[in-house]
Amino acid sequence: MPIQTETRPTILTGDRTTGPLHLGHYAGSLKSRIALQHTHRQFLLLADAQALTDNAHDPEKVRRNVLEVALDYLAVGIDPDKTTICVQSCLPALAEMTMLYLNFVTVARLERNPTIKDEIHARGFGRDIPAGFLCYPVAQAADITAFKATLVPVGADQAPLIEQTNEIVRRVNRQIGRDILPEATALIPTIGRLPGVDGRAKMSKSLGNAIPLSTPPDEISNAIRRMYTDPNHLRVSDPGRIEGNVVFTYLDAFDEDRAAVEDLKAHYRRGGLGDMVVKRRLEDVLQALLAPIRERRETLARDPDHVLDILRDGTRKVKELTQATLEELRTGLGLFALDR
Ligand code: TRP
């Protein structure tokens, strides 16, 4: 499509390449990306450079998972003809823009960023924070603005990063005296974060409570068998609780038959409905959801060169686009140019 007729809003989002994606990613972001690619100009960033900011001790993990996350994207139905998939560390304009933006933000502001504060705490960094980690919100501002994205789908925990981006955008635009960069809006999923199979608030590979998209059928069964329900629902005849009951939370997220789920909930609350019955239903739903994803993933994984071609194409296309934004900034800021 010629650039002049491109009127769809631009979306940029991405994932750190630290491990394969799981059901939480599917419910929270992948599903909506599959829908958005039909109506928006969508870019997905395999954020390997950002992954390094707290994984510098294990670059091999970060490198390996570029392909794993790409396989997950393609297996769930991200269509490379509709969504451009690219590799962050292969786009030098992003790094250069980060260097420029670092001059438009203070260390104090970065340390106040609620997302960063929580993450520093969770990782136990104390004062020994890798500088790259403290500054990754600036790099993320470079990601977003390099594409001139106006919509950024992220989890609620990332909303402060979009605020940070817009602060940088306003400062840079004011310095240049023209609105070169657009402000961005966070697109936050309306459904809450998917809990882990153990009932903890977040499904996460590092917490060991995740169901990766490539999970084999018998491991799906095991995970559901162990799944957290209502600890006080001891006998089938007892009334049970829906709130905090992971099996029902997952049925809410993945079972298309809303009426049937509501009936089950009412029955469970009344008493007389055993956990096994509800778990069997969830098992059917999840096996049906994940079987085609797993099969497509296995097929794609047999031809890594094909996947690499897709990443190469996407990254090449985006290289020009991001370089063009960088040039606009260089010119706008009046940096020295040898060829003018
Ligand atoms: N921070 C995101 C995550 O933790 C990944 C990411 C990198 C991103 N760059 C981005 C998200 C730009 C949205 C926009 O998964």
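Comparison of P195, P182 shows that the only residue that is closer than 23 Å to T98 by Cα and surrounded by 14 or more Cβ atoms within 10 Å (Cβ to Cβ) is P182. Within region 1-39, the residues that satisfy the criterion of being open to solvent by 20 Å² or more (accessible area, probe 1.4 Å), more than 10 Å from the chain's Cα centre (by Cα) and within 14 Å of the ligand (Cβ to nearest atom) are T18, P20, S32, L36.
The residues of region 141-160 that are within 19 Å of L36 (Cβ to Cβ) and open to solvent by less than 40 Å² (accessible area, probe 1.4 Å), listed by number, are D143, I144, F147, A149, L151, V152, P153, V154, G155, Q158, A159. Can we say D54 is open to solvent by less than 50 Å² (accessible area, probe 1.4 Å), assigned to a loop (DSSP other than H, G, I, E, B) and away from the ligand (no atom under 14 Å from the Cβ)? No, not satisfied.
For region 211-249, the set of residues classified as touching a residue at least 40 places away in the same chain (Cβ under 8 Å), outside any helix (DSSP H, G or I), open to solvent by 20 Å² or more (accessible area, probe 1.4 Å) and farther than 17 Å from K265 by Cβ consists of P212, S214, P216, listed by residue number.
Of all residues in region 57-78, those satisfying the criterion of being part of a helix (DSSP H, G or I), open to solvent by 20 Å² or more (accessible area, probe 1.4 Å) and free of Cβ contacts under 8 Å to residues at least 60 places away in the same chain are P59, E60, K61, R63, R64, E68.
Would you mind telling me which numbered condition in (1) open to solvent by 10 Å² or more (accessible area, probe 1.4 Å); (2) at negative phi; (3) more than 14 Å from the ligand (Cβ to nearest atom) G177 fails? Failed condition: (2). Take the residues of region 261-314 that are over 18 Å from D79 (Cα atoms), part of a helix (DSSP H, G or I) and among the small types (G, A, S): which is least open to solvent (accessible area, probe 1.4 Å)? Going through the qualifying residues, I end up with A291.
Here is the figure for region 55-75: residues that are out of contact with any helix residue (DSSP H, G or I) (no Cβ under 6 Å at 6 or more places or on another chain) and of a type outside the set (F, W, Y) total 13. Among residues of region 178-206 that are outside any loop (DSSP other than H, G, I, E, B) and modelled with pLDDT under 95, none has a beta-carbon under 6 Å from a residue that is open to solvent by 30 Å² or more (accessible area, probe 1.4 Å) and not β-branched (V, I, T) at least six positions away or on a different chain.
The values are calculated or read from the model by the stated rules, or taken from the named source; none is laboratory data. These numbers were taken from a predicted model, which means no experiment stands behind them. For neighbour counting, all protein chains shown are included, and Cβ atoms are generated from backbone atoms with ideal geometry for every residue, glycine included. Ligands, DNA and RNA are stripped out before the accessible areas are found, and what is left, the full protein with its side chains, is counted by its heavy atoms. Shrake-Rupley method; radii C 1.70, N 1.55, O 1.52, S 1.80 Å.
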